[in-house]
Each structure stands twice: as C-alpha cells, then as structure tokens.
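Here's the structure, in structure tokens; my notes come after.
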Amino acid sequence: MIGTLSYFFETTGQIAPQQYVFTADWSTAGAINAVMEFVRRARRLGIKCCIVALDIADALDNAWQSGILARFWDLKCPTFT
C-alpha cells in the first residue's frame, strides 16, 4: 500500500522535492548529498546557513490518524484494498 500511496502523491504533485522518505529512488545517501551541496553553495556565496533535522521516535505510530485520513479525503486520495 505504501508504494501505491507514494505513486498517488508523486503523480499529483503532493510530495515536496526535498522529501526523501517514502519516495522512489531517494535514499539516506541522497539526502546527505543534498545537504552537503546546500552547504557548499552557501559557502561559495558567502551566505550563512543553518540546518535543523528532527527524528521523532515512533512519529507515525503517534500521529493524529483522524487528521491524516481527513487530509487524504481532502486530496481525493483513492481508497486501496
């Protein structure tokens, strides 16, 4: 089902280009490379940058499921069986 949801969100433009979770062809290494390129570009331009990363344990397990389902409904996400 994750693959089907990913396909729906990717084809409808609902996934930000910076998102690396639940997306095809992206990995932790790709995320690290993107961050490093961001830092390199900022340094070349003489711009200060700050990066904040969060890793919330059990985030999906503790998510507001009713809110997620309501958002799926708003996006006209198809049902999957």
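Every number in this text was worked out from the coordinates using simple rules, so none of it is lab data. The structure presented is a predicted model; accordingly, all values stated were derived computationally and were not measured.
The table that follows gives values for the structure above.
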item: Radius of gyration and maximum dimension Dmax of the chain, Cα, Å; result: 16.3, 52
item: The stretch 48-55 - phi-based ³J(HN,Hα) in whole Hz, Karplus 6.51/-1.76/1.60, Gly and Pro as x; result: 6, 9, 9, 10, 10, 10, 10, 10
item: Selected from A63, A53, A29 as most flexible by GNM, with the chain as the system and alpha-carbon contacts under 10 Å; result: A53
item: Most fluctuating residue given options A59, A42, A31, as computed from a GNM of the chain linking Cα atoms under 10 Å; result: A59
